[in-house]
Amino acid sequence: MHSTDYVTTAPMTALQVFEKAAELLEHQYKREQSFTNPEHTKHYLSMKLGHQEREVFAVLFLDNQHQLISYQELFYGTVDSASVYPREVAKAALQTNAAAVIFAHNHPSGIAEPSGSDKRITTKLVDALNLLDIRVLDHVVVGSPCVSFAERGLI
């Protein structure tokens with residue numbers, strides 16, 4: 001068997017397959033510092049959030065070299081919205097000792113165009129984390145295709 005061979009001893013659901021794929025990507029990206037690459041980040045987040053049936057808001061907490069400290073799903077919503085609380089995001093960032101973050105959430109419809117409320121909460125989060133000297137590198141809306149706020153000049 002090679003290091004790239006993977007064996008399962010039991011049937012897996014699609015969700016389990018996506019989670020395993022995301023774990024493999026995370027391990028690879030940690031070694032390659034690829035969370036600074038928007039395409040790699042979007043691919044990773046697609047594996048983590050693309051299969052969700054309801055909206056999920058997650059954060060990649062990064063160190064000062066932009067290497068992953070932790071991926072956390074912080075808020076869960078309905079099929080078309082999730083409430084996001086800047087205080088809780090700031091608290092989690094401080095607990096992980098993050099120097100930078102990347103926000104992500106999915107649009108279960110698959111249409112990743114950022115809404116007005118997506119832009120407003122991003123601005124609130126950027127303002128809150130700026131007070132703590134925590135950089136916001138991006139906000140990725142997961143859909144088909146994914147949309148990066150940074151690539152669009154929105155951050």
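Sparse packing (at most 15 other Cβ atoms within 10 Å of the Cβ) combined with a DSSP loop state is found for the following trypsin sites (Lys or Arg not before Pro) in region 52-124: 54.
Ellipticity at 222 nm from helices only: DSSP H runs of n ≥ 4 in the chain, each -39500 (n - 2.57), divided by the residue count, give -12000 deg cm²/dmol. Based on alpha-carbon centroids, what's the gap between region 44-64 and region 112-155 in Å, whole number please? Each part's Cα centre sits 13 Å from the other's.
Relative to the longest principal axis of the Cα atoms of the chain, helix 38-49 runs at roughly 70 degrees.
Remark: the chain carries 56 Å² of accessible area per residue (probe radius 1.4 Å; ligands, DNA and RNA excluded).
Among 137, 49, 74, the largest mean-square fluctuation in a Gaussian network model of the chain, built with springs joining Cα atoms closer than 10 Å, belongs to 74.
Just the protein heavy atoms count here, and of the accessible area of the chain at 1.4 Å, carbon and sulfur take up 52 percent. Separation of the alpha carbons by more than 22 angstrom is noted, of 91/124; 48/124; 20/119, for 48/124; 20/119.
The values are calculated or read from the model by the stated rules, or taken from the named source; none is laboratory data. This one's a predicted model, so the numbers in the text were calculated from it and none came from an experiment. For neighbour counting, all protein chains shown are included, and Cβ atoms are generated from backbone atoms with ideal geometry for every residue, glycine included. When the accessible area is computed, the model is the full protein with side chains, heavy atoms only, and any ligands, DNA or RNA have been set aside. Shrake-Rupley method; radii C 1.70, N 1.55, O 1.52, S 1.80 Å.
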